[in-house]
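The values are calculated or read from the model by the stated rules, or taken from the named source; none is laboratory data. Predicted model only: the values in this text are computed from it and were never measured. Positions of Cβ are generated from backbone atoms using ideal geometry, with glycine treated the same way; all protein chains shown enter the neighbour counts. Just the protein is used for accessible areas: all its heavy atoms, side chains included, with ligands, DNA and RNA removed. Shrake-Rupley method; radii C 1.70, N 1.55, O 1.52, S 1.80 Å.
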Amino acid sequence: MSIIRPRLTDYHNIPLTQEDVNFAIPFIDEDIPLYVDPFLLWKSPSMQDNSLHLLITNSFNHLGYLFTSGREKEALELLIRASECNEVGLGNSKSKTGKKIGEKLATNVLSPFTLIPELKKSGFTHFEEIQLLIDNFSKDRVSDIACNFIQSFLIDFTIEQSEKFGIPIEKVTLQNVYSPKSFKFSEEVTHLPVNPETKSPILFVPKRWLKYVPWINTDDYFTNYYIKNIHNPNEEFPERVKLLDFNRHNYDIVKAYTAIKEKTIENCKNDPLFNQIPITSAKRKISTITKLPTGKTDNADRKYEDNVCLLMASLLYPHLDFAKEQSRTDSGVQIRDMIFYNNQTSDFLKEIYETYDCKQIVMELKNVKEVKQEHILQLNRYLKEQFGRFGVIITRNPPPTKVTKNIIDLWSAHRKCILVLDDSDLKMMTTVFESKQRNPIEVIKKKYIEFTRACPS
(Lines give C-alpha, C1' and ligand atoms only; values in the text may rest on other atoms or scores of the structure.)
Protein backbone atom coordinates (compact mmCIF):
# COMPACT_ATOMS: atom_id res chain seq x y z
CA MET A 1 0.00 0.00 0.00
CA SER A 2 1.15 3.56 -0.58
CA ILE A 3 0.82 4.86 3.00
CA ILE A 4 4.11 5.85 4.64
CA ARG A 5 4.92 3.45 7.52
CA PRO A 6 1.45 1.86 7.39
CA ARG A 7 -0.20 0.42 10.48
CA LEU A 8 -2.78 -2.35 10.56
CA THR A 9 -5.57 0.10 11.36
CA ASP A 10 -4.60 2.37 8.45
CA TYR A 11 -4.86 -0.54 6.03
CA HIS A 12 -8.41 -1.22 7.18
CA ASN A 13 -9.32 2.49 7.25
CA ILE A 14 -10.08 2.31 10.98
CA PRO A 15 -9.46 5.79 12.44
CA LEU A 16 -7.74 4.94 15.73
CA THR A 17 -4.94 6.81 17.43
CA GLN A 18 -2.39 5.01 19.56
CA GLU A 19 -3.88 6.88 22.50
CA ASP A 20 -7.30 5.31 21.86
CA VAL A 21 -6.29 1.68 22.36
CA ASN A 22 -4.72 -0.48 25.07
CA PHE A 23 -2.38 -2.29 22.70
CA ALA A 24 0.51 -1.21 20.50
CA ILE A 25 -0.90 -0.81 16.97
CA PRO A 26 1.25 -3.07 14.73
CA PHE A 27 3.06 -1.75 11.70
CA ILE A 28 2.63 -3.73 8.49
CA ASP A 29 6.19 -3.45 7.15
CA GLU A 30 8.30 -3.30 10.31
CA ASP A 31 8.41 -4.21 13.99
CA ILE A 32 7.43 -1.96 16.89
CA PRO A 33 10.71 -0.94 18.58
CA LEU A 34 9.57 -1.98 22.06
CA TYR A 35 9.81 -5.16 24.11
CA VAL A 36 7.72 -6.99 26.70
CA ASP A 37 9.41 -6.57 30.06
CA PRO A 38 8.37 -9.41 32.41
CA PHE A 39 9.19 -7.17 35.36
CA LEU A 40 6.20 -4.96 34.47
CA LEU A 41 3.93 -8.00 34.82
CA TRP A 42 5.53 -8.79 38.18
CA LYS A 43 5.02 -5.27 39.55
CA SER A 44 1.54 -4.82 38.09
CA PRO A 45 -1.36 -4.37 40.55
CA SER A 46 -3.35 -6.72 38.33
CA MET A 47 -3.53 -10.27 39.69
CA GLN A 48 -3.93 -11.45 36.10
CA ASP A 49 -0.57 -9.91 35.15
CA ASN A 50 1.02 -11.41 38.27
CA SER A 51 -0.33 -14.84 37.32
CA LEU A 52 1.04 -14.48 33.80
CA HIS A 53 4.45 -13.54 35.21
CA LEU A 54 4.33 -16.66 37.38
CA LEU A 55 3.43 -18.72 34.32
CA ILE A 56 6.39 -17.31 32.39
CA THR A 57 8.80 -17.92 35.26
CA ASN A 58 7.56 -21.43 36.00
CA SER A 59 7.66 -22.36 32.33
CA PHE A 60 11.27 -21.18 32.02
CA ASN A 61 12.27 -22.92 35.24
CA HIS A 62 10.68 -26.11 33.91
CA LEU A 63 13.22 -26.00 31.09
CA GLY A 64 15.91 -25.96 33.78
CA TYR A 65 14.32 -28.94 35.47
CA LEU A 66 14.30 -30.88 32.20
CA PHE A 67 17.90 -29.85 31.45
CA THR A 68 19.22 -31.01 34.82
CA SER A 69 17.25 -34.24 34.95
CA GLY A 70 18.61 -35.95 31.87
CA ARG A 71 16.09 -34.55 29.38
CA GLU A 72 18.42 -32.05 27.72
CA LYS A 73 17.14 -32.61 24.20
CA GLU A 74 13.53 -31.95 25.24
CA ALA A 75 14.57 -28.80 27.11
CA LEU A 76 16.61 -27.44 24.20
CA GLU A 77 13.82 -28.07 21.68
CA LEU A 78 11.32 -26.19 23.85
CA LEU A 79 13.68 -23.25 24.42
CA ILE A 80 14.56 -22.96 20.73
CA ARG A 81 10.88 -23.04 19.85
CA ALA A 82 10.15 -20.33 22.44
CA SER A 83 12.98 -18.05 21.34
CA GLU A 84 11.16 -16.22 18.53
CA CYS A 85 7.63 -14.82 18.40
CA ASN A 86 7.02 -13.15 15.03
CA GLU A 87 3.29 -12.78 15.69
CA VAL A 88 3.76 -9.93 18.20
CA GLY A 89 5.99 -7.90 15.85
CA LEU A 90 8.20 -6.38 18.57
CA GLY A 91 11.87 -5.47 18.13
CA ASN A 92 13.94 -3.86 15.42
CA SER A 93 13.43 -6.19 12.48
CA LYS A 94 12.70 -4.49 9.17
CA SER A 95 11.42 -7.76 7.68
CA LYS A 96 9.06 -8.72 10.56
CA THR A 97 10.69 -12.16 10.56
CA GLY A 98 13.16 -13.13 13.26
CA LYS A 99 15.33 -16.18 13.71
CA LYS A 100 15.24 -18.74 16.50
CA ILE A 101 18.36 -19.30 18.55
CA GLY A 102 20.63 -22.23 17.76
CA GLU A 103 21.33 -25.29 19.87
CA LYS A 104 24.67 -23.93 21.09
CA LEU A 105 23.16 -20.73 22.52
CA ALA A 106 20.21 -22.68 23.92
CA THR A 107 22.65 -24.94 25.76
CA ASN A 108 24.45 -21.89 27.16
CA VAL A 109 21.17 -20.32 28.28
CA LEU A 110 20.20 -23.41 30.27
CA SER A 111 23.70 -24.11 31.61
CA PRO A 112 23.27 -21.85 34.72
CA PHE A 113 20.79 -24.41 36.01
CA THR A 114 23.66 -26.88 36.29
CA LEU A 115 26.38 -24.39 37.27
CA ILE A 116 24.55 -22.46 39.98
CA PRO A 117 23.21 -24.62 42.85
CA GLU A 118 20.57 -22.06 43.87
CA LEU A 119 19.06 -22.05 40.39
CA LYS A 120 19.12 -25.84 40.19
CA LYS A 121 17.24 -26.02 43.47
CA SER A 122 14.77 -23.12 43.23
CA GLY A 123 14.97 -21.64 39.73
CA PHE A 124 14.67 -17.97 38.78
CA THR A 125 12.30 -15.40 40.23
CA HIS A 126 13.06 -13.11 37.28
CA PHE A 127 14.31 -15.17 34.35
CA GLU A 128 15.60 -12.03 32.59
CA GLU A 129 18.60 -12.34 34.93
CA ILE A 130 19.90 -14.69 32.23
CA GLN A 131 21.10 -11.53 30.44
CA LEU A 132 23.58 -11.04 33.29
CA LEU A 133 24.88 -14.61 33.09
CA ILE A 134 25.07 -15.48 29.38
CA ASP A 135 26.51 -13.65 26.39
CA ASN A 136 24.33 -13.01 23.30
CA PHE A 137 21.06 -13.29 25.22
CA SER A 138 19.44 -9.95 24.53
CA LYS A 139 16.24 -8.14 25.46
CA ASP A 140 14.42 -9.32 22.34
CA ARG A 141 14.90 -12.95 23.46
CA VAL A 142 13.49 -12.12 26.89
CA SER A 143 10.48 -10.53 25.24
CA ASP A 144 9.87 -13.30 22.70
CA ILE A 145 10.18 -16.10 25.27
CA ALA A 146 7.74 -14.30 27.58
CA CYS A 147 5.27 -13.79 24.72
CA ASN A 148 5.43 -17.41 23.61
CA PHE A 149 4.76 -18.77 27.09
CA ILE A 150 1.64 -16.57 27.41
CA GLN A 151 0.53 -16.80 23.80
CA SER A 152 -2.81 -18.32 24.79
CA PHE A 153 -3.64 -15.14 26.76
CA LEU A 154 -2.48 -12.92 23.88
CA ILE A 155 -4.83 -14.77 21.50
CA ASP A 156 -7.85 -14.01 23.72
CA PHE A 157 -6.69 -10.41 24.23
CA THR A 158 -6.25 -9.87 20.47
CA ILE A 159 -9.67 -11.30 19.61
CA GLU A 160 -11.30 -9.14 22.31
CA GLN A 161 -9.61 -5.94 21.08
CA SER A 162 -10.32 -6.77 17.41
CA GLU A 163 -14.03 -7.19 18.14
CA LYS A 164 -14.07 -3.99 20.20
CA PHE A 165 -12.57 -1.83 17.43
CA GLY A 166 -13.89 -3.66 14.36
CA ILE A 167 -10.52 -4.96 13.18
CA PRO A 168 -11.09 -7.84 10.71
CA ILE A 169 -9.92 -11.32 11.77
CA GLU A 170 -9.35 -14.44 9.72
CA LYS A 171 -8.91 -18.14 10.33
CA VAL A 172 -5.23 -18.85 11.05
CA THR A 173 -3.09 -21.65 12.40
CA LEU A 174 -0.61 -20.78 15.13
CA GLN A 175 2.38 -23.08 15.49
CA ASN A 176 3.56 -22.12 18.96
CA VAL A 177 0.76 -22.13 21.53
CA TYR A 178 2.17 -23.21 24.89
CA SER A 179 0.23 -25.32 27.37
CA PRO A 180 1.30 -24.84 31.01
CA LYS A 181 -0.48 -28.10 31.85
CA SER A 182 1.47 -30.34 29.48
CA PHE A 183 4.55 -28.02 29.25
CA LYS A 184 4.46 -28.41 25.50
CA PHE A 185 3.95 -26.27 22.39
CA SER A 186 1.30 -27.26 19.88
CA GLU A 187 -0.66 -25.97 16.89
CA GLU A 188 -3.93 -24.13 17.39
CA VAL A 189 -6.50 -23.02 14.85
CA THR A 190 -8.12 -19.72 15.77
CA HIS A 191 -9.17 -16.37 14.30
CA LEU A 192 -6.82 -13.36 14.39
CA PRO A 193 -5.95 -10.23 12.39
CA VAL A 194 -3.45 -10.95 9.63
CA ASN A 195 -0.75 -8.94 7.92
CA PRO A 196 -2.39 -7.93 4.61
CA GLU A 197 0.92 -8.31 2.77
CA THR A 198 2.07 -11.67 4.11
CA LYS A 199 -1.14 -13.11 5.60
CA SER A 200 0.85 -13.89 8.77
CA PRO A 201 -1.20 -13.88 12.01
CA ILE A 202 -0.87 -10.85 14.30
CA LEU A 203 -1.05 -10.81 18.10
CA PHE A 204 -1.68 -7.57 19.99
CA VAL A 205 0.37 -6.81 23.11
CA PRO A 206 -0.88 -4.61 26.00
CA LYS A 207 0.95 -1.27 26.06
CA ARG A 208 1.38 -1.50 29.83
CA TRP A 209 3.95 -4.30 29.39
CA LEU A 210 6.23 -2.55 26.92
CA LYS A 211 9.61 -0.92 27.48
CA TYR A 212 12.54 0.03 25.25
CA VAL A 213 14.95 -1.58 27.71
CA PRO A 214 14.04 -4.19 30.36
CA TRP A 215 14.14 -3.05 33.98
CA ILE A 216 16.83 -5.69 34.60
CA ASN A 217 19.49 -5.29 31.92
CA THR A 218 23.23 -5.62 31.51
CA ASP A 219 24.04 -1.95 30.88
CA ASP A 220 22.25 -0.88 34.05
CA TYR A 221 23.84 -3.71 36.04
CA PHE A 222 27.40 -2.92 34.97
CA THR A 223 27.07 0.88 35.04
CA ASN A 224 24.93 1.47 38.09
CA TYR A 225 25.71 -1.54 40.26
CA TYR A 226 28.87 -3.44 39.37
CA ILE A 227 31.16 -0.43 38.90
CA LYS A 228 29.86 1.33 42.02
CA ASN A 229 29.73 -1.65 44.36
CA ILE A 230 31.99 -4.45 43.12
CA HIS A 231 34.68 -3.15 40.81
CA ASN A 232 38.04 -2.11 42.25
CA PRO A 233 38.88 1.23 40.58
CA ASN A 234 42.59 0.37 40.80
CA GLU A 235 42.09 -2.60 38.54
CA GLU A 236 41.43 -2.72 34.82
CA PHE A 237 37.77 -3.12 34.00
CA PRO A 238 37.28 -6.68 32.75
CA GLU A 239 35.78 -7.43 29.35
CA ARG A 240 32.13 -8.39 29.08
CA VAL A 241 32.60 -12.17 28.76
CA LYS A 242 34.75 -12.26 31.92
CA LEU A 243 32.14 -10.22 33.76
CA LEU A 244 29.40 -12.66 32.81
CA ASP A 245 31.61 -15.53 33.96
CA PHE A 246 32.18 -13.66 37.23
CA ASN A 247 28.43 -13.34 37.66
CA ARG A 248 27.89 -17.06 37.13
CA HIS A 249 30.37 -17.80 39.91
CA ASN A 250 28.94 -15.06 42.16
CA TYR A 251 25.21 -15.37 41.66
CA ASP A 252 24.56 -13.84 45.08
CA ILE A 253 25.79 -10.51 43.61
CA VAL A 254 23.26 -10.78 40.79
CA LYS A 255 20.56 -11.55 43.37
CA ALA A 256 21.57 -8.47 45.36
CA TYR A 257 21.24 -6.32 42.22
CA THR A 258 17.81 -7.80 41.50
CA ALA A 259 16.72 -7.12 45.09
CA ILE A 260 17.61 -3.45 44.62
CA LYS A 261 15.59 -3.37 41.40
CA GLU A 262 12.63 -4.85 43.26
CA LYS A 263 12.92 -2.20 45.99
CA THR A 264 12.95 0.61 43.42
CA ILE A 265 9.88 -0.77 41.72
CA GLU A 266 8.10 2.59 41.74
CA ASN A 267 10.55 3.81 39.09
CA CYS A 268 9.77 0.94 36.73
CA LYS A 269 7.21 2.19 34.21
CA ASN A 270 6.20 1.23 30.74
CA ASP A 271 7.44 3.33 27.81
CA PRO A 272 4.85 4.98 25.56
CA LEU A 273 5.33 4.72 21.82
CA PHE A 274 5.57 8.49 21.73
CA ASN A 275 6.59 11.00 24.40
CA GLN A 276 5.56 14.63 24.20
CA ILE A 277 8.30 17.11 25.06
CA PRO A 278 7.56 19.11 28.24
CA ILE A 279 6.18 22.66 28.06
CA THR A 280 9.51 24.21 29.05
CA SER A 281 11.23 22.36 26.23
CA ALA A 282 8.52 23.44 23.76
CA LYS A 283 9.03 27.08 24.78
CA ARG A 284 12.80 26.74 24.30
CA LYS A 285 12.31 25.28 20.85
CA ILE A 286 9.96 28.01 19.63
CA SER A 287 12.42 30.56 21.01
CA THR A 288 15.25 28.88 19.09
CA ILE A 289 13.17 28.67 15.91
CA THR A 290 12.20 32.33 15.88
CA LYS A 291 15.78 33.47 16.54
CA LEU A 292 17.28 31.46 13.68
CA PRO A 293 18.22 33.33 10.52
CA THR A 294 16.57 32.25 7.30
CA GLY A 295 18.61 30.35 4.75
CA LYS A 296 21.51 27.98 5.36
CA THR A 297 24.01 30.16 7.24
CA ASP A 298 25.63 28.12 10.04
CA ASN A 299 23.30 25.21 9.22
CA ALA A 300 20.29 27.31 10.16
CA ASP A 301 18.09 25.30 7.78
CA ARG A 302 19.02 22.03 9.47
CA LYS A 303 18.55 23.51 12.97
CA TYR A 304 15.17 24.89 11.88
CA GLU A 305 14.03 21.48 10.60
CA ASP A 306 15.23 19.60 13.69
CA ASN A 307 13.47 21.97 16.09
CA VAL A 308 10.24 22.19 14.09
CA CYS A 309 10.03 18.38 13.78
CA LEU A 310 10.33 17.86 17.54
CA LEU A 311 7.98 20.73 18.34
CA MET A 312 5.19 19.87 15.90
CA ALA A 313 5.18 16.14 16.73
CA SER A 314 4.49 17.06 20.37
CA LEU A 315 2.08 19.93 19.73
CA LEU A 316 -0.16 17.81 17.54
CA TYR A 317 -0.16 14.66 19.71
CA PRO A 318 -2.48 12.85 20.39
CA HIS A 319 -4.74 14.24 17.65
CA LEU A 320 -2.19 13.30 15.00
CA ASP A 321 0.15 10.34 15.44
CA PHE A 322 3.56 11.12 14.00
CA ALA A 323 4.38 8.62 11.27
CA LYS A 324 7.80 9.59 10.00
CA GLU A 325 10.16 12.34 9.06
CA GLN A 326 12.00 11.91 5.83
CA SER A 327 14.56 13.74 3.85
CA ARG A 328 14.69 13.76 0.12
CA THR A 329 16.72 15.49 -2.51
CA ASP A 330 14.92 17.68 -4.97
CA SER A 331 17.20 19.14 -7.62
CA GLY A 332 20.16 18.77 -5.30
CA VAL A 333 18.44 20.52 -2.40
CA GLN A 334 17.78 18.54 0.77
CA ILE A 335 14.16 18.90 1.84
CA ARG A 336 12.62 17.66 5.06
CA ASP A 337 9.05 16.43 5.31
CA MET A 338 6.97 15.49 8.31
CA ILE A 339 4.24 12.93 7.84
CA PHE A 340 1.33 12.32 10.23
CA TYR A 341 -1.41 9.70 10.24
CA ASN A 342 -4.81 11.33 9.78
CA ASN A 343 -6.83 9.46 12.40
CA GLN A 344 -9.93 11.68 11.87
CA THR A 345 -10.00 12.56 15.57
CA SER A 346 -11.82 15.86 15.04
CA ASP A 347 -14.39 17.36 12.69
CA PHE A 348 -11.60 19.27 10.96
CA LEU A 349 -9.47 16.16 10.37
CA LYS A 350 -12.52 14.19 9.26
CA GLU A 351 -13.39 16.93 6.77
CA ILE A 352 -9.97 16.99 5.12
CA TYR A 353 -10.05 13.16 5.05
CA GLU A 354 -13.39 13.14 3.24
CA THR A 355 -12.98 16.29 1.12
CA TYR A 356 -9.35 15.85 0.08
CA ASP A 357 -8.83 12.05 0.48
CA CYS A 358 -6.14 12.87 3.02
CA LYS A 359 -5.12 9.65 4.83
CA GLN A 360 -1.76 11.09 5.84
CA ILE A 361 -0.80 14.72 6.24
CA VAL A 362 2.48 15.87 4.75
CA MET A 363 4.14 19.02 6.11
CA GLU A 364 7.06 20.51 4.23
CA LEU A 365 9.56 22.68 6.09
CA LYS A 366 11.07 25.79 4.48
CA ASN A 367 13.51 27.99 6.36
CA VAL A 368 13.25 30.77 3.79
CA LYS A 369 12.53 34.46 4.12
CA GLU A 370 9.79 34.27 1.52
CA VAL A 371 7.82 31.31 0.23
CA LYS A 372 7.87 31.24 -3.54
CA GLN A 373 5.78 29.65 -6.23
CA GLU A 374 8.37 26.89 -6.73
CA HIS A 375 7.85 25.79 -3.10
CA ILE A 376 4.11 25.52 -3.67
CA LEU A 377 4.69 23.48 -6.81
CA GLN A 378 7.08 21.17 -4.94
CA LEU A 379 4.43 20.30 -2.37
CA ASN A 380 1.77 20.13 -5.05
CA ARG A 381 3.67 17.28 -6.73
CA TYR A 382 3.28 15.15 -3.59
CA LEU A 383 -0.43 15.75 -3.16
CA LYS A 384 -1.67 12.44 -4.48
CA GLU A 385 -2.19 8.87 -3.26
CA GLN A 386 -2.11 8.69 0.58
CA PHE A 387 -1.66 12.46 1.02
CA GLY A 388 -4.73 13.17 -1.06
CA ARG A 389 -5.01 16.83 -1.98
CA PHE A 390 -4.12 18.44 1.34
CA GLY A 391 -0.71 19.61 2.54
CA VAL A 392 1.01 22.12 4.82
CA ILE A 393 4.08 24.30 4.34
CA ILE A 394 5.80 25.47 7.52
CA THR A 395 7.97 28.50 6.95
CA ARG A 396 9.15 31.71 8.59
CA ASN A 397 6.86 34.45 7.29
CA PRO A 398 3.35 34.78 5.84
CA PRO A 399 3.29 34.12 2.08
CA PRO A 400 3.28 37.13 -0.23
CA THR A 401 0.01 38.07 -1.87
CA LYS A 402 0.94 36.62 -5.25
CA VAL A 403 1.76 33.23 -3.69
CA THR A 404 -1.51 33.25 -1.74
CA LYS A 405 -3.31 33.95 -5.02
CA ASN A 406 -1.51 30.99 -6.64
CA ILE A 407 -2.59 28.72 -3.80
CA ILE A 408 -6.21 29.83 -4.26
CA ASP A 409 -5.89 29.27 -8.02
CA LEU A 410 -4.58 25.76 -7.33
CA TRP A 411 -7.68 25.03 -5.28
CA SER A 412 -9.95 26.49 -7.99
CA ALA A 413 -8.36 24.39 -10.72
CA HIS A 414 -7.65 21.11 -8.92
CA ARG A 415 -9.42 21.35 -5.53
CA LYS A 416 -6.08 21.05 -3.71
CA CYS A 417 -5.64 22.72 -0.33
CA ILE A 418 -2.23 23.99 0.81
CA LEU A 419 -1.97 25.79 4.14
CA VAL A 420 1.03 27.94 5.09
CA LEU A 421 2.04 28.17 8.75
CA ASP A 422 4.60 30.76 9.78
CA ASP A 423 6.48 31.64 12.98
CA SER A 424 3.47 33.44 14.45
CA ASP A 425 1.30 30.32 14.01
CA LEU A 426 3.91 28.12 15.72
CA LYS A 427 4.10 30.65 18.56
CA MET A 428 0.34 30.56 18.96
CA MET A 429 0.31 26.74 18.95
CA THR A 430 3.00 26.71 21.65
CA THR A 431 1.05 29.20 23.75
CA VAL A 432 -2.08 27.05 23.44
CA PHE A 433 0.00 23.96 24.31
CA GLU A 434 1.22 25.71 27.46
CA SER A 435 -2.21 26.97 28.54
CA LYS A 436 -3.91 23.58 28.01
CA GLN A 437 -7.17 25.48 27.50
CA ARG A 438 -7.46 24.41 23.86
CA ASN A 439 -5.65 22.13 21.41
CA PRO A 440 -2.79 23.37 19.20
CA ILE A 441 -4.34 21.66 16.18
CA GLU A 442 -7.14 24.22 16.36
CA VAL A 443 -4.65 26.80 15.09
CA ILE A 444 -4.34 24.74 11.89
CA LYS A 445 -8.13 24.45 11.76
CA LYS A 446 -8.33 28.27 12.00
CA LYS A 447 -5.94 28.58 9.06
CA TYR A 448 -8.08 26.10 7.13
CA ILE A 449 -11.25 28.12 7.79
CA GLU A 450 -9.48 31.30 6.66
CA PHE A 451 -8.35 29.48 3.52
CA THR A 452 -11.84 28.20 2.65
CA ARG A 453 -13.31 31.69 3.14
CA ALA A 454 -10.75 33.10 0.72
CA CYS A 455 -11.64 30.54 -1.95
CA PRO A 456 -14.28 31.48 -4.56
CA SER A 457 -17.74 30.11 -3.86
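Summarising the amide proton neighbourhood of Asp321: residues at separation of 5 or more, or on other chains, whose placed amide H is nearer than 5 Å comprise Tyr341, Asn343. When Rg and Dmax are taken over the Cα atoms of the stretch 116-163, they come to 14.8, 48 Å. Less than 5 angstrom separates the built amide H of Val368 from those of Gly295, Arg396, all sequence-distant by 5 or more or on a different chain. In the chain, the portion of solvent-accessible area held by carbon and sulfur atoms comes to 49 percent [1.4 Å probe, whole percent, DNA, RNA and ligands not counted].
Semi-axes of the equivalent ellipsoid for the stretch 335-391, computed as √(5λ) from the eigenvalues of its C-alpha gyration tensor and ordered from largest down, come to 22, 11, 10 Å.
Below 14 angstrom from the Cβ of Pro38, what's the summed charge of the other residues (Lys, Arg +1; Asp, Glu -1)? Every neighbour counted, the sum reads -1. Surface exposure of the stretch 119-194, expressed per residue as accessible area with a 1.4 Å probe, stands at 42 Å².
Divide the volume of the convex hull around the Cα atoms of the stretch 226-378 by the residue count and you get 249 Å³ per residue. Residue by residue, the stretch 140-150 carries 3J(HN,Hα) couplings of 5, 5, 4, 5, 5, 5, 4, 5, 5, 5, 10 Hz when phi is fed to the Karplus relation 6.51 cos²θ - 1.76 cosθ + 1.60 (θ = phi - 60°); x denotes Gly or Pro.
Rounding to the nearest 20 debye, state how big the charge dipole of the chain is about its Cα centre with +1 on each Lys and Arg Cβ and -1 on each Asp and Glu Cβ. Numbers along the way, then the final one.
Details: 61 positive and 60 negative charges, 226 e Å.
About 1080 debye.
In order along the stretch 54-67, the phi-based Karplus estimate (6.51 cos²θ - 1.76 cosθ + 1.60, θ = phi - 60°) of 3J(HN,Hα) comes to 4, 5, 4, 5, 4, 5, 5, 5, 5, 4, x, 4, 4, 5 Hz; Gly and Pro are listed as x. Name the residue farthest towards the positive end of the dipole of the chain from the options His375, Pro38, Asn22, assuming +1 on Cβ of Lys and Arg, -1 on Cβ of Asp and Glu, about the Cα centre. The Cα lying farthest towards the positive end belongs to His375.
Excluding Pro15 itself, what net charge comes from residues whose Cβ is under 10 Å from its Cβ, given Lys and Arg +1 and Asp and Glu -1? Taking every Cβ under 10 Å from that of Pro15, the sum is 0.
In the context of the full set of protein chains, residues of the stretch 216-327 present 56 Å² of accessible surface per residue (probe radius 1.4 Å, heavy atoms only). For the stretch 12-141, a Kirkwood radius taken over Cα pairs fed into Stokes-Einstein (20 °C, viscosity 1.002 mPa s) yields D = 131 µm²/s. Dividing the mean sequence gap of close Cα pairs (under 8 Å, 6+ apart) by how many residues the chain holds gives a relative contact order of 14 percent. Take Arg5, project a point 7 Å from its Cα along the Cβ direction, then tell me which residues of the stretch 353-369 have their backbone nitrogen under 20 Å from it. Under 20 Å, as judged by backbone N against the label point of Arg5, lie 358-366 of the stretch 353-369. Principal semi-axes of the equivalent ellipsoid, √(5λ) from the alpha carbon gyration tensor of the chain, are 49, 27, 18 Å from largest down. Directionally averaged projected area (the stretch 400-457, Cα convex hull): 4.3 nm². Based on the inverse mean of 1/r over its pairs of different Cα atoms, what is the Kirkwood hydrodynamic radius of the stretch 155-297, in Å? Mean inverse Cα-Cα distance, inverted, gives 21.0 Å. The largest-to-smallest principal axis extents of the Cα set in the stretch 1-73 are 54, 34, 17 Å. With Cα atoms defining each centre, the stretch 368-431 and the stretch 190-226 are spaced 40 Å apart in the structure. Overall dimensions of the stretch 115-236, expressed as equivalent-ellipsoid semi-axes from the Cα gyration tensor (√(5λ), whole Å, largest first), are 38, 18, 12.
Gain in length, Asp409 to Thr355, computed as 0.36 nm per residue apart minus the alpha-carbon separation, to one decimal in nm?
That pair, Asp409 and Thr355, stretches by 17.7 nm at full extension.
Close amide-amide hydrogen proximity is noted between Ser111 and no other residue 5 or more places distant or on a separate chain, at a cut-off under 5 Å (H modeled in the peptide plane; Pro and chain starts excluded). Ranking Ile101, Pro112, Phe127 by how far each Cα lies toward the positive end of the dipole of the stretch 92-141 (charges on Cβ) leaves Ile101 at the top.
Applying 1/(1 + (r/R0)^6) with R0 = 60 Å to the Cβ-Cβ distance of Thr297 and Ser182 gives a FRET efficiency near 0.30.
Mean silhouette area of the stretch 185-249, derived from the convex hull of its C-alpha atoms and averaged over all directions, reads 8.7 nm². Applying the criteria of a DSSP loop state and at most 11 other Cβ atoms within 10 Å to the trypsin sites (Lys or Arg not before Pro) of the stretch 87-121 yields Lys94, Lys99. Stretching the chain fully between Glu236 and Ser435 yields a gain of 66.3 nm (0.36 nm per residue, less the alpha carbon separation).
Overall shape: rounded for the stretch 307-450, with the ratio a/c of the largest to smallest alpha carbon gyration tensor axis below 1.5. Using θ = phi - 60° in the Karplus curve 6.51 cos²θ - 1.76 cosθ + 1.60, the 3J(HN,Hα) couplings for the stretch 229-245 round to 10, 10, 5, 8, x, 7, 10, 5, 6, x, 6, 4, 4, 5, 5, 5, 5 Hz; x is entered for Gly and Pro.
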